[in-house]
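Q: Structure below; questions to follow.
The values are calculated or read from the model by the stated rules, or taken from the named source; none is laboratory data. Computed from a predicted structure; not experimentally measured. All Cβ positions, even for glycine, are placed from backbone atoms using ideal geometry, and neighbour counts span all protein chains on display.
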Amino acid sequence: MTQLGFIGVGNMGGAIIEGLLTQPTMTAANFIMSGGTGPRTKALQQKTGIKLTTNKDVAAMADILVLGVKPIIMPSVLAEIKTELLKSPQTLIITIAGSLTIASYEEQLSTAIKLVRIMPNTPVSVGEGMMSIVPNQNVSAAELATVEALFAPLGQTVVIEERLMDVTAALAGSAPALIDMFIESLADGAVAKGLPRQLAYDMATQTLIGSAKLMQVSKLHPGELKDQVCSPGGTTIEAVKTLEKHNFRYAVIDAIGRCVDKAKE
C-alpha cells in the first residue's frame, strides 16, 4: 500500500486530503500527516481519522511526500527532515508551496531528489480543481504518470514549464478568490433589488457554473457566448456597458498581473 505523507495540512493540504478521501480506493490508512497543534489540524484529524505524527516520522515513512507548508517556513522544515529524505532517495516529493523553485529545493536537499511542483487550487476538495505540474529531471515518466493519476480525481492537471508556474498559480490558484468576489457582487446586486440573499447566492453560483460548462462543452470563444446573450438595446448589453465603463476588464487583467509579480518577489 502506497503511503501518502503530508507535512502541512492547512487550507490547501487539507483540501487535497479531503478530495483524495472521496475516492473508493483511499482510506485513512493510506495517509500520515503532521501539521502542528492548531485547531485546523486537530479538526482534520478528527474528521478523517488520519494518523497525526511528527514531520520527521512523516518524511521517513512516506512513499509520496506532500509538502504543504508556507514558503516562508519551508527552509526550516526541509532542514528538519533532510536526513530522513536523504536516507530514502526514492521518496517522491511533491511541493504545493508557491514561489519556491525546483532549484531552491535541490540546493537545500540534494540534486538527486525526485521533486514535483504542483500548484492546486481549493476546488480540488470537490473534484473540480485545476493543477499545474512541473517535475524535476530525476522524475521518470512513470513517476510523473503516477502523480498525474493520483491528482486526476481532484480535477484537471497540466504539465508545464517551470517558468510558467507563477502565471498559472495566479490564474488557477488565486482566481477562485476573484471568482468568489464576483459571485458575491452579483448576489449583492440582486439583493439590493429585493432578492433574498441565499437565493441570490444560489442563482449566482449556478449561473457561473452553467456558463463555464457551456463554454467548456461548446468550445466557443467567451466573447461569442457573451454576444449571444446581448440583444441590441437590451438589458444585458446595458449591464456589459456598465462594467466596461468601470474598467472591469482592465481591473481583472491588472489583478492577475500584480498577482504574478508578487509571486516573483
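Q: Looking only at residues that are surrounded by fewer than 12 Cβ atoms within 10 Å (Cβ to Cβ) and of a type in the set (Gly, Ala, Ser) in the range 173-212, which one is nearest to residue 117 (Cα to Cα)?
A: 210
Q: Still on this structure: Could you tell me which residue of the range 148-201 is farthest from residue 25 (Cα to Cα), considering only residues that are modelled with pLDDT of 95 or more and of a type in the set (Phe, Trp, Tyr)?
A: Ranking the candidates gives 182 first.
Q: Give the range 17-31 a look and list any residue that's β-branched (Val, Ile, Thr) and crowded, with 22+ Cβ neighbours inside 10 Å, or say none. Quick ask: steps written out before the conclusion?
A: Step one: list which residues in the range 17-31 are β-branched (Val, Ile, Thr), which gives 17, 22, 25, 27.
17 - this is the single residue of the range 17-31 that is β-branched (Val, Ile, Thr) and crowded, with 22+ Cβ neighbours inside 10 Å.
Q: Condition first: assigned to a helix (DSSP H, G or I), over 19 Å from residue 123 (Cα atoms) and touching a residue at least 24 places away in the same chain (Cβ under 8 Å). Now tell me which residues in the range 152-166 satisfy that. Explain how you work it out, then say what you get.
A: Quick first cut of the range 152-166, residues assigned to a helix (DSSP H, G or I) only: 152-154, 162-166.
Among the residues that remain, those that are also over 19 Å from residue 123 (Cα atoms) are: 162-164.
Passing the criteria: 162, 164.
Q: Tell me which residues, restricted to the range 227-265, are among the small types (Gly, Ala, Ser) and within 25 Å of residue 170 (Cβ to Cβ).
A: Taking the range 227-265 and keeping what is among the small types (Gly, Ala, Ser), we get 231, 233-234, 239, 251, 255, 257, 263.
251, 255, 257, 263, listed by residue number.
Q: Sort out for me the strands (runs of 3 or more DSSP E) sitting completely within the range 68-151 that have 1 or more residues that are touching a residue at least 24 places away in the same chain (Cβ under 8 Å), closer than 21 Å to residue 57 by Cβ and among the polar types (S, T, N, Q). Steps first, answer last, please.
A: Numbers: elements: 92-95, 114-119, 129-135.
Passing ranges, in order: 92-95.
Q: Here's a follow-up. State all residues of the range 240-253 that are surrounded by 13 or more Cβ atoms within 10 Å (Cβ to Cβ) and either among the hydroxyl-bearing types (Ser, Thr, Tyr) or without any contact (Cβ under 8 Å) to a residue 24 or more places away in the chain (or both); if no residue qualifies, say none. First the steps, then the outcome.
A: From the range 240-253, those surrounded by 13 or more Cβ atoms within 10 Å (Cβ to Cβ) are 240, 248, 252; that's our starting set.
Selection gives 240, 248.
Q: For residue 97, all conditions in the list (1) over 26 Å from residue 216 (Cα atoms); (2) surrounded by fewer than 20 Cβ atoms within 10 Å (Cβ to Cβ); (3) in contact with a Gly (Cβ under 8 Å, 6 or more places away or on another chain) hold save one; what is the number of the exception?
A: Of (1) over 26 Å from residue 216 (Cα atoms); (2) surrounded by fewer than 20 Cβ atoms within 10 Å (Cβ to Cβ); (3) in contact with a Gly (Cβ under 8 Å, 6 or more places away or on another chain), only one is false for residue 97: (2).
Q: So in the range 156-172, with the set limited to residues that are within 21 Å of residue 93 (Cβ to Cβ), more than 10 Å from the chain's Cα centre (by Cα) and not β-branched (Val, Ile, Thr), which one is surrounded by the most Cβ atoms within 10 Å (Cβ to Cβ)?
A: 165
Q: Return a yes/no flag: does the range 31-51 have any residue that is in the same structural domain as residue 12 (by TED's automatic domain parsing), in contact (Cβ under 8 Å) with a residue 40 or more places away in the chain and part of a helix (DSSP H, G or I).
A: The answer is no; no qualifying residue exists.
Q: Something else now. I'd like to verify a number: residues in the range 227-263 that are farther than 19 Å from residue 190 by Cα and either polar (S, T, N, Q) or part of a helix (DSSP H, G or I) (or both), how many?
A: Selection size over the range 227-263: 21.
Q: Can you tell me which of (1) buried (at least 20 other Cβ atoms within 10 Å of the Cβ); (2) more than 26 Å from residue 258 (Cβ to Cβ); (3) modelled with pLDDT of 95 or more; (4) under 16 Å from the mean Cα position of the chain (by Cα) is the one residue 135 doesn't meet?
A: Condition (4) is where residue 135 drops out.
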